[in-house]
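*Asks:* I'd like to ask some things about the structure below.
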């Protein structure tokens with residue numbers, strides 16, 4: 001294969017990846033408590049912790065503890 005073809009394919013994949021992820025992640029400042037719950041129910045615990053910190057302005061430890069409580073309260077993974 002020609003190197004230009006490979007780079008072209010990689011560029012298309014990168015653009016598609018950015019477009020897909022760009023639409024699925026809430027924009028900075030628009031994250032809500034609902035986004036925290038959706039992330040948690042989807043099994044994205046780390047993302048839920050990040051969102052919780054953004055919404056509530058708490059430390060990493062406080063957010064982790066809060067997410068763990070929510071997880072056990074609602075019997076989530």
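*Asks:* Would you mention how many residues in region 8-57 are modelled with pLDDT under 85 and either touching a strand residue (DSSP E or B) at 6+ places or on another chain (Cβ under 8 Å) or in a helix (DSSP H, G or I) (or both)?
*Replies:* 17
*Asks:* Residues that are at pLDDT below 80, part of a loop (DSSP other than H, G, I, E, B), exposed (fewer than 10 other Cβ atoms within 10 Å of the Cβ) and in contact with a helix residue (DSSP H, G or I) (Cβ under 8 Å, 6 or more places away or on another chain): does region 58-77 have at least one?
*Replies:* yes
The values are calculated or read from the model by the stated rules, or taken from the named source; none is laboratory data. In this text the structure is predicted, and so the values were computed from the model without any measurement. In this analysis, Cβ positions are derived from the backbone assuming ideal geometry, glycine residues included, and neighbour counts consider all displayed protein chains.
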